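This report refers to the structure that appears directly beneath it.
The values are calculated or read from the model by the stated rules, or taken from the named source; none is laboratory data. All of these numbers come straight from a predicted model, not from anything done at the bench. FYI the Cβ positions are ideal-geometry reconstructions off the backbone, even for glycines, and counts take in every protein chain you see. Side chains included, ligands, DNA and RNA excluded: accessible areas come from the protein's heavy atoms. Shrake-Rupley method; radii C 1.70, N 1.55, O 1.52, S 1.80 Å.
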Number of protein chains: 2
Amino acid sequence: MTTHITSHPLDAGDPLAAKRAAFDLPAGVIYLDGNSLGALPAHVPARVEEVVRTQWGTSLIRAWNTHGWVEMQRRIGDRIGRLVGAAPGQIVAGDSTSINLFKVLAAALALRPERKVILSDTGNFPTDLYMAQGLRDLLGQGHELRLVAPEEVADAIDESIAVTMITQVDYRTGRRHDMKDLTARAHAAGAIAIWDLAHSAGAFQVELDACQADFAIGCGYKYLNGGPGAPAFVYVAERHHATAVQPLAGWHGHDAPFAFDLDYRPAHGVDQMKVGTPPVLSMAALEAALEVFDDVDMTALRAKSVSLCELFIREVESRCEGLVLASPRNADQRGSQVSFRFPEGYALMQALIARGVIGDFRAPDIVRFGFTPLYVSHADVIAAVDILADILATRAWDRPEYKTRAKVT
Amino acid sequence: MTTHITSHPLDAGDPLAAKRAAFDLPAGVIYLDGNSLGALPAHVPARVEEVVRTQWGTSLIRAWNTHGWVEMQRRIGDRIGRLVGAAPGQIVAGDSTSINLFKVLAAALALRPERKVILSDTGNFPTDLYMAQGLRDLLGQGHELRLVAPEEVADAIDESIAVTMITQVDYRTGRRHDMKDLTARAHAAGAIAIWDLAHSAGAFQVELDACQADFAIGCGYKYLNGGPGAPAFVYVAERHHATAVQPLAGWHGHDAPFAFDLDYRPAHGVDQMKVGTPPVLSMAALEAALEVFDDVDMTALRAKSVSLCELFIREVESRCEGLVLASPRNADQRGSQVSFRFPEGYALMQALIARGVIGDFRAPDIVRFGFTPLYVSHADVIAAVDILADILATRAWDRPEYKTRAKVT
């Protein structure tokens, strides 16, 4: 494993420097893939063990009441709320991002029955598009999923649009949409605005309430560090609580789940977004992971994120021939990742991973680097570029074993 | 805590007696609620810790490939398959029972587009009925959810029925439907048969393939002991793999998830039932828990289950005045639970729990006792009835604090 530098002048005044110790990261690894799977917060294993051994093992079924499992979805939701600018009582955690999108898209379409167009863009994460296609086909009412290029979204919002379904940060390029502007445009056209915060929540401060977003969803296992496949979350703006109803009408979303009525009667407010019993062990890891954010100043988080990304771009462009920036150059238009194009991107990423620099690859030719300000330093950035430059200079990526695709890329 | 007898003649020849040591059960507790939340298998905490610390913490994103997370849904599915009589390749684990029902109900209705009736019974668990109502209302195509009494299901199957949606074991009474007979009747009438195995899987051998069930779903956290809110499972009979498509079209159900196509193209076979990223920590607990069944003879399991239930009924009826059997008297018509009616059932159950006998209550008046043959003994049955008889004789249930309903009952 490469020995790399451990200090950089820009790290000296970093107010988040101490947060690195809140994570267990393996030695010899520079982890630039927190946008795919966040790193392990150091206190999470003990918390999960407590839930497994004591709560499940000893309290058994009683833990639903005695250990507050029954409030978990709301409790975690409110914790996430602080990071995405949502006042309490508008978010529940649970299910997957895909499932949550189905709920809010169906609820949103029902609020605009006279319109048939779902507007999204080609930079959206495919599962969002797939879920919309699945719902469209299921409904069989002539809905259209209209896809435009990301830069054409603003102009494509007109009075034909029922719902805008936009992911704020592009998973490949890190390009960031202007939530406030697009939401205002949607509302001006009479449309409902759904935001996917998969690459936003925990990466920078989001302002759902202030932007007047209608619905939002997001991921628990990226910048929130909730663990592999961590439950997702769903936001319903309070003004829709009386009227928005989603079709996955499970018992936890019933107004009185333990009355065991034969007829569904939706719960009030965001509780109606709950469906089946949530996976408590995974929920517990997410809940514990969120505590890392308790004392984090989100403005400082964003400032460090920008600083890391800018340094990375500068260093790569000055030392790594053949890589072409795929992310916006303007930091205001980026999330917390930087992507470059490279024709043999897959092999390059395998060579990087073999040397301890973990990013990932997105077809057809994008190498993607996520910068989680909680545990990545400027020294890490320099060290990563040192290795990247060496791999390029020696063509170390050009080996057959680096070109065999794994199942998960 | 009550000291109770620890041996009974019927336990002497119990081939499953050693399995008790495979579980961590708290001292002083007789756990008769494994039908609500299965007990903790003793090796699960270490396994979960391994997944948290080593797989997540050290391998990070690489674990999807190196630790086989990507095959987890199918791998767990096949393990469950052995217990429910499904040949490999027909089950995936993931999501909740409610969500899985939505998938198979939508897929089944699409196979019978000319019919509009979903047949179920009033003994079904409410979430199944709610999900069907949600789908019916979403479709807006005039579907009807027809509910009959459990004993009327067989006669209600006629050529108007698109889908029979039946839970094999009644969550309140333990009454068990005849899967082979009802499935044959459904097919004779041209209907599709969906089975909910929430209270069946792991409780006794189920024979999905042999009964020619079309679709099935089931729960991971009851008799499978997968932990609180453990992921559920979904079965699609192989003969439907080419034609059944479910509408929750997430990226994990895509034919090539990591190609990131803009258009959904369903995976072949049961993989199309996958949606979003599954909660790996909860999945890992379920996977580990299933190993307890590896050397279990399911015929012996069922024999012990019947023996425990019969003994419990006999003892309660001879010593506990005021309780009226709510379960079928004939063991062939029961799952692995016994329920009694008692007007102050809620308070009675609280009094039992306070004395270490954990069962649960189901409105309006049912006290419910689940018998998990892997960790419940005949001595436990006698001890539980000793305490129950004492509570009844002393009216110890008649206290205000036992009558205040908790959120989860």
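If R0 is 41 Å, what FRET efficiency do you get for B:A42 and B:R319 from their C-beta distance, rounded to 0.05?
On the way: r = 33 Å, r/R0 = 0.81.
Between B:A42 and B:R319 the formula returns 0.75.
Quick one: among A:A300, A:A107, A:A216, which has the greatest mean-square fluctuation in a GNM of chain A with alpha-carbon springs under 10 angstrom? With Cα springs under 10 Å in chain A, the top fluctuation among A:A300, A:A107, A:A216 is at A:A300. Globularity index of segment B:68-293 is 0.95 (Cα radius of gyration / 2.2 N^0.38 Å, N = number of residues).
Bridgeable aspartates and glutamates around B:K304 (alpha carbons under 15 Å apart, same-chain partners fewer than 8 residues away excluded): B:D11, B:D14, B:D332, B:D380.
Before anything else, pin down the relative contact order of chain A: Cα pairs under 8 Å, at least 6 apart, normalised by residue count, whole percent. Don't skip to the answer; put the middle values down first.
Values: 811 pairs, mean separation 90.0, N = 409.
With pairs under 8 Å counted, the relative contact order is 22 percent.
Taking all protein chains together and rolling a 1.4 Å probe, B:T404 ends up with roughly 100 Å² accessible. Summary of the geometry: segment A:111-170 and segment A:1-75, compared by the centres of their Cα atoms, lie 35 Å apart. Can you give me the C-alpha center-to-center distance between segment B:331-351 and segment A:297-352, rounded to a whole angstrom? Measuring centre to centre over Cα atoms gives 62 Å. Strictly greater than 47 Å: what percent of every Cα pair in the protein assembly as shown meets that? Across the protein assembly as shown, Cα pairs with separations above 47 Å total 22 percent. Largest GNM mean-square fluctuation among B:L392, B:L147, B:L138, using chain B with Cα springs under 10 Å: B:L138.
Rounded to the nearest 0.05, what FRET efficiency is calculated for B:R341 and B:A303 with R0 set to 25 Å and r the Cβ-Cβ distance? Computed FRET efficiency for B:R341 and B:A303: 0.35. The mean count of C-beta atoms from other chains within 10 Å of the C-beta of residues in B:121-127, rounded to a whole number, is 4. What number, in percent, do you get for the relative contact order of segment B:68-293 if the mean sequence gap of Cα pairs under 8 Å and at least 6 apart is divided by its residue count? Here the relative contact order equals 24 percent.
Peptide B:268-277 has a mean of 4 when you count, residue by residue, the C-beta atoms of other protein chains within 10 Å of its C-beta.
Note on B:K403: aspartates and glutamates with a C-alpha under 17 Å away, same-chain residues under 8 apart excluded, are B:E344, B:D360, B:D365.
Got a sec? What order do A:E144, A:E287 fall in by accessible area at 1.4 Å, biggest, i.e. largest, first? Provide the component values of the computation, followed by the final result.
On the way: A:E144 75, A:E287 30 Å².
The ordering from most to least exposed comes out as A:E144, A:E287.
Among A:D155, A:D170, A:D178, the largest mean-square fluctuation in a Gaussian network model of chain A (Cα springs under 10 Å) belongs to A:D155. For B:E344, the accessible surface of its heavy atoms amounts to roughly 70 Å² (probe 1.4 Å, protein chains only, rounded to the nearest 10). Take the cross-link list A:K103/B:K103; B:K274/B:K407; B:K116/B:K180; B:K180/B:K222; B:K222/B:K274; A:K222/A:K274 and give me the ones stretching past 20 Å between alpha-carbons. Over 20 Å apart, Cα to Cα: B:K274/B:K407; B:K116/B:K180; B:K180/B:K222; B:K222/B:K274; A:K222/A:K274.
Ordered by solvent-accessible area of protein heavy atoms (1.4 Å probe), largest first, the residues A:V163, A:V306 come out as A:V306, A:V163.
Using a probe radius of 1.4 angstrom, the carbon and sulfur fraction of the accessible surface of chain B is 51%. The listed residues A:E401, B:E291, A:E321, once ranked by accessible area (1.4 Å probe) with the largest placed first, stand as A:E321, A:E401, B:E291.
In this structure B:K403 has an accessible area near 80 Å², from a 1.4 Å probe over the protein heavy atoms.
Kyte-Doolittle cut-off -1.0, length cut-off 30 Å along the helix's own axis using Cα: show which whole DSSP H helices in chain A pass. Show your work: numbers first, answer last.
Working: long enough: A:298-319 (31 Å, 0.19).
Helices passing the filter in chain A: A:298-319.
Of the residues B:A284, B:I382, B:P88, the one whose Cα sits farthest toward the positive end of the charge dipole of chain B, with +1 on the Cβ of Lys and Arg and -1 on the Cβ of Asp and Glu, is B:A284. The alpha carbon gyration tensor of chain A gives principal lengths a ≥ b ≥ c with a/c of 1.5 or higher and a/b no greater than b/c, which makes the shape oblate.
Peptide B:60-73 has a mean of 5 when you count, residue by residue, the C-beta atoms of other protein chains within 10 Å of its C-beta.
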